[in-house]
Amino acid sequence: MGVCSFFPLLCLLLFFSRAGALFGYGLLCCQFISSDNIVYLEQVYFNKVLLLQYNSTLGKYTGYTRQTKEIADDLNKNHAFLTQEKKNEEMCKTHLSSMVDDFSKPAEPSVTVTSAEAVGSKHRSMLVCSVYNFYPKQIRVTWLRNGQEVTSDVTSTDELSNGKWLYQIHSYLEFTPIPGEKISCMVEHASFTQPKLYEWDPTLGSKMNRIAVGTAGLLLGLVFFGAGVTCYKKDTTGQVLVPTS
Ligand SMILES: *[C@@H]1O[C@H](CO)[C@@H](O)[C@H](O)[C@H]1NC(C)=O
C-alpha cells in the first residue's frame, strides 16, 4: 500500500494574488509505508511548489527557498512547535495503524462449484470453482480428483479486484467424468485455519440438466397415469361381475 492518506486535511490556506492565479495551501499527511514505518508530513505549497515541510522521520522542518529556510530554522528552535509535531505524529500513527488493521483483517471467501459446457475441448465436461469476496489477495485454488491434485487441464483467472479491498478468482477444470469419482475444489486462504474442500455434486448438475430431468420425470408420470387409466377403464367395462349362486 503506497498510499498517502490525507489525514486529516486540516488546513487549506488560500491566498490569491491580484492576478488571481497564485495560491498557497498546507497539507497534513500520514504516509503509510509499512506497518512499522508511518511518516507524518506537514507541507506548505505556493503555486504547487513545496516551500516548507515537516518530516517526522527527520523530526524537523525543512525550507526549500531562502525565506522558508529561515522560517524552518526558527521553527526548529521552537520547542513548543516540535513537541506539538511529535503529538501529531503519535496521533497519526495510532489512527492509521488501527485503520490499516481493520483493512487487513482476512475476509473469508464464499465458494461455489458449478459445471459448465466445455467448448472446443477434448474433454466432455468443465467445472468452475468460483471464489468470491476474499481478502487478502493471496490465495491458492486447486482441484482434487479422488484426493489427488489435478495439474493438467486446469486454468484460472487472475485475482480480480472489486476495487473495495475484496477479490474474486475463478478456476476451471476440464475433464472427462468417470462414474463414482469424487472431484473437489480446494481453497487455501489466510482466513481459514486449514485448507477447505468444496466437493462437486454431480447430481445437482447444471440448471438445464435439472429442468430436463424434471420434465422427463413429469412426462413419464403422465404416460404411466394414462396407461393406468386406460387399463382401469378396460377392466371395468370388459368384465361384468356375475355373482355365482
Ligand atoms: C522524509 O524523510 C525521510 C528520511 O530522510 C525520507 O526518506 C523521505 O523521503 C522523506 N519524505 C518526504 C515526503 O520527503
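The values are calculated or read from the model by the stated rules, or taken from the named source; none is laboratory data. Bear in mind the structure is a predicted one, so any value in this text is a computation, not a measurement. Don't worry about glycine lacking a Cβ; one is built from the backbone with ideal geometry, like all the others, and counts go over all protein chains shown. Keep in mind that these areas ignore ligands, DNA and RNA; they rest on the heavy atoms of the full protein, side chains included. Shrake-Rupley method; radii C 1.70, N 1.55, O 1.52, S 1.80 Å.
Quick notes on this one:
- Evaluation of D102 against (1) open to solvent by 90 Å² or more (accessible area, probe 1.4 Å); (2) of a type outside the set (V, I, T); (3) more than 13 Å from the ligand (Cβ to nearest atom); (4) over 30 Å from H189 (Cα atoms) (one fails), failing number: (4)
- Count of region 27-76 residues which are in a strand (DSSP E or B) and more than 15 Å from the ligand (Cβ to nearest atom): 1
- Members of region 176-198 that are crowded, with 17+ Cβ neighbours inside 10 Å, of a type in the set (A, V, I, L, M, F, W, C) and farther than 23 Å from H123 by Cα: V187
- Applying the condition of being hydroxyl-bearing (S, T, Y) and not in a strand (DSSP E or B) to region 117-161 and asking which residue is nearest to S191 (Cα to Cα) yields T157.
- Within this structure, T112 fails the test of being assigned to a strand (DSSP E or B), open to solvent by 60 Å² or more (accessible area, probe 1.4 Å) and more than 30 Å from D102 (Cβ to Cβ).
- Residue in region 129-152 that is within 16 Å of the ligand (Cβ to nearest atom) and acidic (D, E) present: no
- Residues in region 154-192 that are modelled with pLDDT under 90 and among the small types (G, A, S) were compared, and the one that is farthest from P202 (Cα to Cα) is G163.
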